[in-house]
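Worksheet: the structure to be examined is printed underneath.
The values are calculated or read from the model by the stated rules, or taken from the named source; none is laboratory data. These figures come from a predicted structure and were not determined experimentally. Reconstructed Cβ throughout: ideal geometry from the backbone, glycine too, with neighbour counts over all protein chains shown. Side chains included, ligands, DNA and RNA excluded: accessible areas come from the protein's heavy atoms. Shrake-Rupley method; radii C 1.70, N 1.55, O 1.52, S 1.80 Å.
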Amino acid sequence: MAKAEYYYGVHAVESLLELEPERVLTLFTLKGRDDQRLKRILQLAEPFGVSVQQASRDSLEKLAGLPFHQGVVAAVRPHPTLNEHDLDQLLDADPQALLLALDQVTDPHNLGACIRTAAAMGVAAVVVPRDRAAGLTPTARKVAAGGAEKVKFIQVTNLARTLAHLKDSYNVRVIGTMLDDKALPVHQCDLTGAVLIVMGAEDTGLRPITQSQCDQTVYIPMSGDLQSLNVSVATGMALYEANRQRHGS
């Protein structure tokens, strides 16, 4: 059996038990904790025979790898890693899907925040490069607050090649977020239909090879002297506009 993964945090564990309870092997809860959120988690776990063990704060910290576990950690069967083939299957089933790609976003907190927003805004999958990018770590899952169980997380070998394939095979329009001579304010760009919005890395933005695959570039109009936003904040604003166009104001 593959080595168990550890999820921590109330939202992440609760969402996992709601959506994929068969993956949960053991729940570790803080000794002495007895509140409504924990009772809710235990109620979700009970029908599936999940083992529950009480543990000290130090033990939970060792399992989670961080002190911010909120008193609950779950040992979980690893989820299969999704790849290019899974992305094709998704678009075969939903040709008008809204997708989000993150070009070498390396901070797991930013990744988690982007996934959380993606789940709220109707994104079908978050696509990232397999190398030089944050993976779906326990920290990213906690920040995603349950979003990681609602949005497919797909790792691809070559992001630019994947974008080219989506354009050629599925007529997906690739919209890059950057400020150049051809960029439109995001609200003036058509974000309906089969669309992939690609966000750049925290410090360097979109790589040139990724830029070359963009059908249109967009920017978020801002007041004052600010020229950029945190990638998770910018992602939220771009996805909100896409959701507004696709489902009405």
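Hey, any hits in the stretch 45-59 for a residue that's modelled with pLDDT of 90 or more, in contact with a Gly (Cβ under 6 Å, 6 or more places away or on another chain) and either open to solvent by less than 10 Å² (accessible area, probe 1.4 Å) or closer than 30 Å to ASP168 by Cβ (or both)?
no
Inspect all residues belonging to the stretch 2-9 and state whether any of them is without any contact (Cβ under 8 Å) to a residue 60 or more places away in the chain and either open to solvent by 40 Å² or more (accessible area, probe 1.4 Å) or among the charged types (D, E, K, R) (or both).
no
Only one of these conditions is not met by GLN54: (1) touching a residue at least 12 places away in the same chain (Cβ under 8 Å); (2) within 21 Å of the chain's Cα centre (by Cα). Which number is it?
(2)
Which fully enclosed strands (runs of 3 or more DSSP E) of the stretch 142-249 have 2 or more residues being of a type in the set (A, V, I, L, M, F, W, C) and either open to solvent by less than 70 Å² (accessible area, probe 1.4 Å) or in contact with a Ser or Thr (Cβ under 7 Å, 6 or more places away or on another chain) (or both)?
152-156, 173-177, 195-199
Among the strands (runs of 3 or more DSSP E) confined wholly to the stretch 22-103, which include 2 or more residues that are farther than 26 Å from GLY176 by Cβ and among the polar types (S, T, N, Q)?
Where strands (runs of 3 or more DSSP E) fall fully within the stretch 22-103 and carry at least 2 residues being farther than 26 Å from GLY176 by Cβ and among the polar types (S, T, N, Q), they are 24-30, 51-55.
Between residues in the stretch 180-195 that are within 21 Å of ARG207 (Cα to Cα) and in contact (Cβ under 8 Å) with a residue 24 or more places away in the chain and residues that are small (Gly, Ala, Ser) and crowded, with 17+ Cβ neighbours inside 10 Å, which pairs lie under 6 Å by C-beta distance while being six or more apart or on different chains?
Listed by first residue and then by second, the contacts come to VAL186/ALA238.
Which of (1) buried (at least 19 other Cβ atoms within 10 Å of the Cβ); (2) outside the structural domain of GLY147 (by the TED database); (3) within 25 Å of VAL128 (Cα to Cα) does LEU17 not meet, given it meets every other one?
Going through the list (1) buried (at least 19 other Cβ atoms within 10 Å of the Cβ); (2) outside the structural domain of GLY147 (by the TED database); (3) within 25 Å of VAL128 (Cα to Cα), LEU17 breaks only (3).
Please go through (1) under 22 Å from ALA134 (Cα atoms); (2) open to solvent by 10 Å² or more (accessible area, probe 1.4 Å) for ASP103 and return the number of the only condition it doesn't satisfy.
If we test ASP103 against (1) under 22 Å from ALA134 (Cα atoms); (2) open to solvent by 10 Å² or more (accessible area, probe 1.4 Å), just (2) comes out false.
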